[in-house]
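Step one of this worksheet: look at the structure below.
The values are calculated or read from the model by the stated rules, or taken from the named source; none is laboratory data. Just so we're clear, the structure is a prediction, and the values are computed from it rather than from any experiment. So basically every Cβ, Gly included, is an ideal-geometry build from the backbone, and we count neighbours across all protein chains shown.
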Amino acid sequence: MEPVVKVENLSKKFGEFIATNAISFEVNKGEIFGFLGANGAGKTTAMRMLSGLLTPSSGQAFVAGFDVATQAELVKKNIGYMSQKFSLYEDLTIQENIEFYGGIYGLSRQEIKDRSKGIVDKFQLASVKNKLVKTIPLGWKQKLAFALALIHKPKVVFLDEPTGGVDPITRRQFWDLIYEAANDGVTIFITTHYMDEAEYCDRVSIMVDGLIKALGTPSELKKSFDVDSMDAVFQLLARGTANK
Ligand SMILES: Nc1ncnc2c1ncn2[C@@H]1O[C@H](COP(=O)(O)OP(=O)(O)OP(=O)(O)O)[C@@H](O)[C@H]1O
């Protein structure tokens, strides 16, 4: 089976500075791939290239079957994207946000109606769907933003620190949604600074100074670094210090 994300020697230079340095990896259908690294490691730059938002300096990447350099518009249409500053419209209601995003992704009226009902039912939003988004708690906004990133049934969804600022229980609930989407065959590409979340991924890569320094399942990485947590793996690689 063709990987959903295929990256070969992908680089991005800003002047002389190499933000992403010849990274290569593949992500399969329905896989949850954790993309980790310290601040400034080059994750956002790589993710923007994979989302068709930033042109690579060299190398290649195919996402959902499209070349990010030459078919950026097709890439954008076939992926979902949710960033930490997810772009819900605070002054619109939940229902209006759903309709707005359905429209942006070119869904028909009937599709918007069906998927809107699906989202409202799944998240038990019937009683609040006419409330302005700015009045609902952050955890609900994150779940809504995730549902909207999936509204057009993309093959892959990019989640850039999607669970910032909420308590561990709310984060765990968000992960139930991630597992559900992955079970439905959606490929999940996620950055996070929470190491408990790194443990939940099928595979994890760790970037340091533009390079991928480690890539494997959480248990493979823990074994190869002879530590008992992803936090310790991360400390060894990204911070250059042991923290057993
Ligand atoms: N447009 C730009 N021009 C120049 N340098 C840039 C540009 N965008 C990013 N950089 C630099 O590239 C490096 C990688 O940045 P990037 O945002 O990709 O890191 P990151 O791993 O996503 O960090 P964070 O976790 O803080 O978001 C940083 O040193 C940053 O200053």
Filter segment 186-204 down to the residues that are assigned to a helix (DSSP H, G or I) and either within 16 Å of the ligand (Cβ to nearest atom) or without any contact (Cβ under 8 Å) to a residue 60 or more places away in the chain (or both) and list them by number.
Met195, Asp196, Glu197, Ala198, Glu199
Of the residues that sit in segment 143-161 and are within 16 Å of the ligand (Cβ to nearest atom) and farther than 15 Å from Val27 by Cα, which one is surrounded by the fewest Cβ atoms within 10 Å (Cβ to Cβ)?
Glu161
For residues in segment 4-44 being more than 15 Å from the chain's Cα centre (by Cα) and β-branched (Val, Ile, Thr), which is farthest from Lys155 (Cα to Cα)?
Ile18
Helices (runs of 4 or more DSSP H) wholly inside segment 80-152 that include at least 1 residues being touching a residue at least 60 places away in the same chain (Cβ under 8 Å):
138-149
Which members of segment 20-41 meet the condition of being crowded, with 22+ Cβ neighbours inside 10 Å and either among the small types (Gly, Ala, Ser) or within 11 Å of the ligand (Cβ to nearest atom) (or both)?
Thr20, Gly34, Phe35, Leu36, Gly37, Ala41
Answer yes or no: is there a residue in segment 60-68 that is at pLDDT below 95 and within 16 Å of the ligand (Cβ to nearest atom).
no
The number of residues in segment 156-175 that are out of contact with any helix residue (DSSP H, G or I) (no Cβ under 8 Å at 6 or more places or on another chain) and modelled with pLDDT of 95 or more is 1
Could you tell me whether any residue of segment 115-126 is among the hydroxyl-bearing types (Ser, Thr, Tyr) and modelled with pLDDT of 90 or more?
yes
Cross-chain or 6+ apart pairs with Cβ under 8 Å, segment 23-46 first and at positive phi and in a loop (DSSP other than H, G, I, E, B), then of a type outside the set (D, E, K, R) and away from the ligand (no atom under 16 Å from the Cβ):
Gly30/Ala182; Gly30/Asn183; Gly30/Gly185; Gly30/Val186; Gly30/Thr187
Of the residues in segment 47-79, those that are touching a residue at least 60 places away in the same chain (Cβ under 8 Å) and buried (at least 16 other Cβ atoms within 10 Å of the Cβ) come to Met47, Leu50, Ser51, Val63, Ala64, Asn78, Ile79
Every residue from segment 1-19 that is more than 12 Å from the ligand (Cβ to nearest atom), assigned to a loop (DSSP other than H, G, I, E, B) and surrounded by fewer than 18 Cβ atoms within 10 Å (Cβ to Cβ):
Met1, Glu2, Pro3
